[in-house]
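Student: Please find one structure pasted underneath; my questions will follow.
The values are calculated or read from the model by the stated rules, or taken from the named source; none is laboratory data. Keep in mind that this is a model prediction, so the values were computed, not measured. Counting neighbours? That spans all protein chains shown, and the Cβs are built from the backbone with ideal geometry, glycine included. Surface accessibility is based on the protein's heavy atoms, side chains included, excluding ligands, DNA and RNA. Shrake-Rupley method; radii C 1.70, N 1.55, O 1.52, S 1.80 Å.
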Amino acid sequence: MPAPDQPTLERIPSTPPVILPVAGHLHRPQWSVMIPAYNCLGYLGETLASVLAQDPGPAHMQIMVVDDCSTDGDVAALVQTIGKGRVDYYRQATNVGSLRNFETCLNRSVGHWVHILHGDDRVAVGFYAEIESLFRDHPEAGAAFTNTTNLTMGATGEKLMDRPPLVPERGIIKDFLFRIAEGQKLETPSIVVKRSVYEQLGGFFAVHYGEDWEMWVRIAARYPIAYSPRCLAQYRYLNSTSISTRYIKEGQNIRDITKVINIIQQYLPSEHRKELKKQALRHYAGYCMLLADSLYYTDSQACDAQRKGAIGMSKHPAVIYLAFKLYTKHLIQYKEIKRFLKKDSGLNTTQPK
């Protein structure tokens, strides 16, 4: 352990938590794969297996599960069964929330490169080799990431869908700060950050939804970012037990993203802030409106929260058009239900001649 854990004073830090340097007497592997876990026991085995399948050994890679007091089963037993002593396990004394759990992950990491891999996500074989190659080819990079495959559950089981590449060629992404200031371009399991960068910039803070986006913009403002278009990270999209899903239902994602957009303005050149903020608000309003459409038949509360939030973020014509489509769908369904009820009740609404 490189340093004592930070005291838990607030679940959502108002400033970036301090990430302490690794003590000089400790052995430092190249990698730290830190796996924050909370009530994801059904997926954690797959997560661990995906890392162990490409494990270069303890001299080169630290692997640790940091459990935020899960209540869905014996996480320690699962780690022992699958890891067979290879995977370290740490359990928080009390539930501290995702941001403080990330902080613990970072402060307990000892490797030069830190990969935060959520306990319900995976990496494909070749992920660590590709990231190592990116850092070797671009030593100036503060972080490196790959393209992502979305994992979703369909009627016939798990579905995998590769995302379109951000750019076609591997290497340092030109003007990445401006690209990512417009909207999130990556998922946490796809990115590896040099520990020295976290030591300089601090950890995750401010919000529970969008905290990763804020971090990547903060890093991009200070360091070049390397990228590979290969889909080697696997992100479990809208897991029903995740924080993201709950926040979408409550509309908290709208409030958090708006806060993040305001925070990241300080990382941008002043002459670009106004336009990039407008684009970011439009981007997320459109995303939330599409979310509302996808939730229309399954979760009316979440649908309504996303629709109202999207309109509040941006009145761009594209957003208004999506709102109109959603309203039309609602109107058509209402008329169909009304027609069905009249038919089913045997009512004859035809007026006599």
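Student: Can you tell me the FRET efficiency between D299 and H25 if r is taken as the Cβ-Cβ distance and R0 is 45 Å, rounded to the nearest 0.05?
Tutor: After rounding, the FRET efficiency stands at 0.30.
Student: Work out, step by step, the length gained on full extension between K308 and K159: first 0.36 nm times the residue separation, then minus their alpha carbon distance; give nm to one decimal.
Tutor: Numbers: separation 149, 0.36 × 149 = 53.64 nm, distance 3.00 nm.
That pair, K308 and K159, stretches by 50.6 nm at full extension.
Student: Rolling a 1.4 Å sphere over the protein heavy atoms, what is the accessible area per residue of the chain, to the nearest Å²?
Tutor: Values: 17130 Å² over 353 residues.
So the chain comes to 49 Å² accessible per residue, rounded to a whole number.
Student: Summing Lys, Arg as +1 and Asp, Glu as -1, what charge do residues with Cβ under 11 Å from the Cβ of D293 carry, D293 excluded?
Tutor: Summing Lys and Arg as +1 and Asp and Glu as -1 gives +3.
Student: Shifting gears a bit: What distance in nm separates the two pseudo spin-label positions at D137 and L290, each 7 Å out from Cα along the beta-carbon direction?
Tutor: About 2.8 nm separates the two model spin labels.
Student: Give me the Kirkwood hydrodynamic radius of the range 243-332 in Å, from all C-alpha pairs, to one decimal place?
Tutor: 13.5
Student: In percent, how large is the relative contact order of the chain, given Cα pairs closer than 8 Å and 6 or more residues apart?
Tutor: 17
Student: Could you compute the FRET efficiency for Q266 and K84, with r as their C-beta to C-beta distance and R0 at 35 Å, rounded to 0.05?
Tutor: FRET efficiency, Q266 to K84: 0.15.
Student: Ignoring ligands, DNA and RNA, please state the percent of accessible area on the range 31-237 from carbon and sulfur, probe 1.4 Å.
Tutor: Within the range 31-237, the accessible surface is 53 percent carbon and sulfur.
Student: Where Rh denotes the Kirkwood radius from the mean inverse Cα pair distance, what is Rg over Rh for the range 60-169?
Tutor: Rg divided by Rh gives 0.99.
Student: In addition: Which net charge results for the neighbourhood of W113, defined as the other residues with beta-carbon distances under 11 angstrom from its beta-carbon, given Lys and Arg at +1 and Asp and Glu at -1? Please list the in-between numbers first.
Tutor: Working: positive: R28, K194, R195; negative: E132.
Local net charge: +2.
Student: Sorted by mean Cβ packing within 10 Å, highest first, what order do the peptides 148-157, 250-259, 294-303, 32-41 take?
Tutor: Final packing ranking: 32-41, 250-259, 294-303, 148-157.
Student: Run through the DSSP bridge list for the chain and note the antiparallel percent, rounded to the nearest 5.
Tutor: Once the DSSP bridges in the chain are tallied, antiparallel ones form about 40 percent.
Student: OK, next. Residue by residue, what Karplus-based ³J(HN,Hα) values in Hz, rounded to whole numbers, does the range 54-62 have, using 6.51, -1.76 and 1.60 with θ = phi - 60° and x for Gly and Pro?
Tutor: Those phi angles translate into 10, 6, x, x, x, 5, 10, 8, 8 Hz.
Student: Hull surface divided by four, with the convex hull built on the Cα atoms of the range 31-237: how many nm²? Please list the in-between numbers first.
Tutor: Details: hull surface 45.9 nm².
Answer in nm², one decimal: 11.5.
Student: Alpha carbons only, please: Rg and Dmax for the chain, in angstrom.
Tutor: Every Cα atom of the chain included, Rg and Dmax give 22.7, 97 Å.
Student: Which whole number in µm²/s is D for the range 153-270 by Stokes-Einstein, with the Kirkwood Rh taken over Cα pairs at 10 °C and 1.306 mPa s?
Tutor: Result for D is 100 µm²/s.
Student: Net charge within 15 Å of A233 by Cβ-Cβ distance, Lys/Arg positive one each and Asp/Glu negative one each, not counting A233 itself?
Tutor: Combined, the nearby Lys, Arg, Asp and Glu give -2.
Student: Report the gain in length on full extension from K329 to N95: 0.36 nm times residue separation, minus Cα-Cα distance, nm rounded to one decimal.
Tutor: Taking K329 through N95 to full extension adds about 80.0 nm, to one decimal.
Student: For a label point 7 Å from the Cα of V125 along Cα→C-beta, name the residues of the range 135-168 whose backbone N is under 15 Å from it.
Tutor: The answer is none.
Student: With each run of n ≥ 4 DSSP H residues scored as -39500 (n - 2.57), what mean residue ellipticity at 222 nm is computed for the chain after dividing by its residue count and rounding to the nearest 500 deg cm²/dmol?
Tutor: -14000 deg cm²/dmol, from helical runs alone.
Student: Please list, in chain and number order, the residues 5+ apart from Q62 or on another chain whose amide H is under 5 Å from its amide H, with Hs placed from the backbone.
Tutor: It is W31, S32, V33, by chain and number.
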